[in-house]
Every structure is written in C-alpha cells, then in structure tokens.
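Below you'll find the structure, written out as structure tokens, and then a few comments.
The values are calculated or read from the model by the stated rules, or taken from the named source; none is laboratory data. No experiment lies behind these values; they were computed from the predicted model shown. Note that we place each Cβ from the backbone using ideal geometry, even for glycine, and neighbour counts take in every protein chain shown.
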C-alpha cells in the first residue's frame, strides 16, 4: 500500500474534504520556510502534526511509551533532513514514512520478546515480582531495568500523566551520569545499552575490535558506578539541607572581578571566557585569547543574506575544550537541545544530544562550580537587545527564590533568570573549569603556540572553516571568500541585505581584525620573519579601519530602514579594501611561516 493511500485510510474523509486545499497551501508555505532555516515554521509543523504522528506510532506498536520514543526520533530526523524533501506538497506522507521507518526499526530490533521491549510487555513479568525485587545495585543493567520498570508499573497503576513523565526524568538522569565518560566511552556505551547494537556491530561502527568494545563497556560501567555514588551523595546533602540540616548552601553569589572596558570584546564567547578566567586568577589579555582561540582571524557569512548567525557557527564543544587545553585547563561541558522547541543557531547545535527541560539536569552542574568559586559559561537565548542571544556567565544561585545570577552584555549589573528559564533554554550549553594542568602536562611553548596560531590564520583564510552544518539548507562561506559573499549580497538587486545582521558583522569583525594586528605584534621573532609579521599586523590594521567605516555606516542597532544606494556603494568599496588588506596580511604570514620553519630546522 502506498503511503498516501495509507494516510487516506487513517484519517476521516471529512478531514480530507473540508478545507484540504487551504491546509495544504499553509503546510507547503511552512515547509518552504523551514527549509530556508526558519525554525519557528518547523515548530509550527510539529505542533500541528505531533499528535497525529503519535497515533501512527501507537497503531504500529500498540505501546504509548515506545510511540513517544519513535515520534521523538522521527521528528529529529525530519528536522535534520527537511532540506532533502523535494515536493513540499508531500510533507505529511514524508513524515509518515519516517515514523513508519522508525517504528519498523524498533520492532525489528526489539519487539515483545527481544532485547528492546515495549514497556507494556513488562506486565507479563510481574508474576516474578519477588525475583525482580532483588536488585543488584552493583550492576548497572539491573539498576536501569529496575528504574524503568518501576516507572512503568506506577504509571499503569495510577494512570497518572505525572508518572509517565517520571520515565523521561529517569532517562534524563542517566544521560546526566553519562557525562563522566569520555566521548568514545559514551558513544560505545550508548550504542550498546540504548541503541541495542551488538558488540560486533559496534566494533565495525567504530573501527575497533570486539575485545576493545567489551573493555570500553567494562570501564564505562565502573566509572558510572563511581559517578552514581557521587550524585547520590550530592542528593543526600541536598535532602539534609531542605530539612534544615547541614549541607550545600542554598544561596551563593560570587563576587566577580571587575571586567575593565579595555578588556571587553564584542566576540562574547572570548569575552566571557576572559572574565571567567579572571575569576580564577588568570588575568591574561583579551588580545591573547582572541589570537590563541583563532577568533581574531575568523570570518563567516551566511549564504542567504547578511544575517549575523555566521558569527556563532563553529564547533562549540571542541573550540571551548581546545582553548582550555591550550591555556592549560581541564574543563567540563553540559550541552543539549530541547525536542519540542525551535532551537536557535541549529547549525551550531545540531550535533548536541536531545534533552528534556528538567531543572535537575542543569542545576547540579551550576551549583557544583559556583560552590567551587567558579562562574559557569552559559549561552543565553534571553539576552537584552540589540542582541538576540549571547554568551554570558552564571555567577550565583538562590534556591529559595529559584533564580540564577547572569551577566548580560547590555547590563553592567547583570540580571537574574528563573530555574525554569534555565532548564527551558532550547539551546543548552554550560561549561565549567575543573582544574589547572600541571606544568609538565602543559608543556607547549608560547612560541610553538604562536606559530600554530599563524598557521591557523593562513589555513582559515585560504580554505575556510572546517566545521560544516549537517543540515542541507544551512550553509556559510568563511575565510577570505566571505568578503566576496558579503559583497555579492550588497550587489545583487534580488537580495535584500539584513541591516541588523550586517551591523553586528561589521562591529564584530572590525574589532577582531584589530586584535589580530595586536596579537601579531606580540609574537616574539627576529629578523626578516619578524619584519613580515609586523607587515601583516599593519595590513590587518588597515582591514580593521575599512570594516570600521562600514560599522559607522551601518551601526549595530535595531533599525528597519532600508540601506540606501550610497550606503551600499560605500560598504562595497570598503569590503573590497578590507579583503585586499587581509589578503596581503595572509601573504606576509605565509612567507613568515616558511622562514620560521627554516630557522627551526637549522
């Protein structure tokens, strides 16, 4: 039976006849908008059809719990692959096919008598309740099975929607525990326990041996048991605190060091990290951080128009961890995306795990670092205008008022957000500094790091950013080619430049080029190598001046006015100048690197 025939059989005839053409046109418009990156349009589609998708899944599985999981997986896949839908009139059959495929995959993999069982099938095992009550708390499999079965039993007995949520909360807790594993340990553990892959399948997937897979699983079990004990002890202390006994503080607000204006930078990812480091006694300059992180040399432009999102599109996790490693720190990250909300900056977050808006999943992380005297790096989607979203620091919490204290680029005194707003942030990213590496562990010389930074600048300018979105309808141009893309937007009469985004691009990138020039002047070399580096620094200064002219013409403020022809001409001229100067700067760096390497080889 064809998908559209099945769809017609599953829906009442009246729903097909009454206003069908109107709904189809509305769906087509939403699909087309979603394919262009409009996450709100996709959210509207999901709001309209989520319940219908669940009915499909329940009819296939006859299990509401498995149906929830199938629909969640199906919606994620639809979100990631919407760009591949050629006929936008056929969104509903296309979505049905995805749900059907996910259901078939689950049923083939599991079924009532296989490893992945529908929760309703546990009813057949309740006669053995005496045996099942004997839980081996040293065996993670027993724990997971017990938690899941307990939630299922209670939900069936009480028929209470709140109990249904418990199962999801349990899995969120499990995902929180998994943060103690390394990336490869976690991938293998999840492939074995959650995706139900056999060891030989996992070995093929990760290009390793079956023996190594068993080793990873054994090691992961041990680490998870240790993490479980730590989480239990934290929870026990919180319980004592609620009863008035000793325990963790219910109110803790850090006194952040003053962040001077000359250190502030519009690349707020680097700016907040600089302030975060200052809070632990590391007062290195923003220019050094801009250089080492590479942000002084980056430029990325959307391929749609002059949106400002290109500023934020890079691998957040690896970039943060690499910078912390380069600076000699060990750091931890908690990240995710919510399943039922439009996720901003999808191209940066699409590889994040899907998580639930549970306070218990984020607040222990926040309390842990603040109680250590360390602020937490946080991506804030509730930033004050003119920003849409920005990087900030969490520096305090209050359990009685249920608020956290947050910095804001537009509020010198900071602000507060509720626990619900923190948990409900559709794009979750928090990071904390764990410790400083020993001198032996952090052995890379500043000279070697400077050389790597110059090599990054050249590679990025010539080849562009190596991070590409998986979603087909989101794409960007980076490096020197970004200038050409930007100029194209100002030259093509069929494209309307986004004035607000252009203002932020000009402000951020002009300042970045200034820091590139300053960083290059701080590099310690001699002779012809140093002369070329200084020439590159001067060329970056000239590029910065050209971009600052654009920033003056199109300031970073909310403004609905169209850009005049004269303004477009001025901006194009200065973009071309900036590109020429930066191209010259990269040419000088390429020659300097060659001489530098020759000096090392001698």
Original post:
Within the bounds of segment 539-555, is there any residue that is at pLDDT 95 or above, within 21 Å of residue 298 (Cα to Cα), in contact with a strand residue (DSSP E or B) (Cβ under 9 Å, 6 or more places away or on another chain) and assigned to a helix (DSSP H, G or I)?
Top reply: no
Original post:
How about segment 339-438: which strands (runs of 3 or more DSSP E) wholly inside it have at least 2 residues that are touching a strand residue (DSSP E or B) at 6+ places or on another chain (Cβ under 9 Å) and in contact (Cβ under 8 Å) with a residue 40 or more places away in the chain?
Top reply: 376-380, 390-398, 403-408, 427-436
**OP:** Please specify each residue of segment 576-594 satisfying the condition of being more than 27 Å from residue 301 (Cα to Cα) and either without any contact (Cβ under 8 Å) to a residue 60 or more places away in the chain or surrounded by fewer than 17 Cβ atoms within 10 Å (Cβ to Cβ) (or both).
**Re:** 591, 594
Subject >> Filter result for residue 453 (modelled with pLDDT of 95 or more and under 30 Å from residue 566 (Cβ atoms)) >> reply: no
Original post:
Condition test on residue 60, is it surrounded by fewer than 19 Cβ atoms within 10 Å (Cβ to Cβ), free of Cβ contacts under 8 Å to residues at least 60 places away in the same chain and in a helix (DSSP H, G or I)?
Top reply: yes
Original post:
Has segment 354-361 got at least one residue that is modelled with pLDDT of 90 or more and not assigned by TED's automatic domain parsing to the domain that holds residue 556?
Top reply: no
Original post:
Just one of 568, 563, 505, 520 is under 21 Å from residue 446 (Cβ atoms) and crowded, with 17+ Cβ neighbours inside 10 Å; which is it?
Top reply: 520
**OP:** Report whether or not residue 318 is closer than 24 Å to residue 478 by Cα, free of Cβ contacts under 8 Å to residues at least 60 places away in the same chain and not assigned by TED's automatic domain parsing to the domain that holds residue 365.
**Re:** yes
Original post:
residue 499 fails exactly one of the following numbered conditions: (1) modelled with pLDDT under 95; (2) more than 24 Å from residue 295 (Cα to Cα). What is the number of that condition?
Top reply: (2)
Original post:
Does residue 317 count as in a helix (DSSP H, G or I) and under 19 Å from the mean Cα position of the chain (by Cα)?
Top reply: yes
**OP:** Answer with yes or no whether residue 521 is farther than 19 Å from residue 308 by Cα, assigned by TED's automatic domain parsing to the domain that holds residue 491 and in a helix (DSSP H, G or I).
**Re:** yes
Subject >> Residue under evaluation residue 535, criteria (1) in a helix (DSSP H, G or I); (2) surrounded by fewer than 16 Cβ atoms within 10 Å (Cβ to Cβ), criterion not met >> reply: (2)
